[in-house]
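Take this structure, written in structure tokens, and hold onto it; I'll ask about it next.
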Amino acid sequence: MEQKIGRKIKKLRELRNYSQDYMAAQLGISQSTYSQLETEDAGLSPDRLEKIAHLLQITVSDIENFDERMIFNVTQHNEKIESQGVGYVHHFHENKNMSEKIFQLQEDKIRLLEEQVQMLKEKIKSLEK
């Protein structure tokens with residue numbers, strides 16, 4: 001079953017650890033309107049899709065080709081590839097590329113969380129004064 005684009009955007013946003021409020025603010029729309037984009041209740045124009053891809057630091061094609069099952073099954077799939085031989089080399093490279101993107105998303109998520117922690121530490125320090 002093909003994943004809907006809104007669900008793909010939601011999963012990619014969650015991997016980035018971005019809130020709906022953040023995405024909505026960056027797009028200049030309300031959080032409820034943004035939520036509708038993720039639940040397929042509202043139309044998603046090509047221009048808005050391009051802006052969302054830019055915010056997520058990926059391409060529209062990455063969104064369209066995103067398959068959350070690959071994220072959670074990449075290890076199992078790679079083991080299957082190794083056991084079944086050369087016929088799956090193409091899939092291995094696809095999974096490797098997706099794994100690298102997922103790794104980068106996780107690294108970015110860690111960096112963002114570290115920045116948020118530092119900001120909160122500074123805020124606490126200023127409140128203590």
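How many of the residues in region 1-59 are in a loop (DSSP other than H, G, I, E, B) and of a type in the set (D, E, K, R)?
Going through region 1-59 one residue at a time, the tally reaches 4.
Okay, next question. Taking the stated definitions as given, is ILE52 of a type in the set (A, V, I, L, M) and modelled with pLDDT of 60 or more?
In short, yes.
Give all pairs with beta carbons closer than 7 Å in which a residue from region 33-48 that is at pLDDT below 90 meets a residue that is of a type in the set (S, T, N, Q); count only pairs at least 6 apart in sequence or on separate chains.
ALA42/THR33; ALA42/GLN36
Please work out if SER83 is in a helix (DSSP H, G or I) and at pLDDT 90 or above.
Against the criterion (in a helix (DSSP H, G or I) and at pLDDT 90 or above), SER83 does not qualify.
The values are calculated or read from the model by the stated rules, or taken from the named source; none is laboratory data. Owing to the predicted nature of the structure, the values given are computational and were not obtained by experimental measurement. Note: ideal-geometry Cβ built from the backbone for every residue, glycine included; neighbour counts use all protein chains shown.
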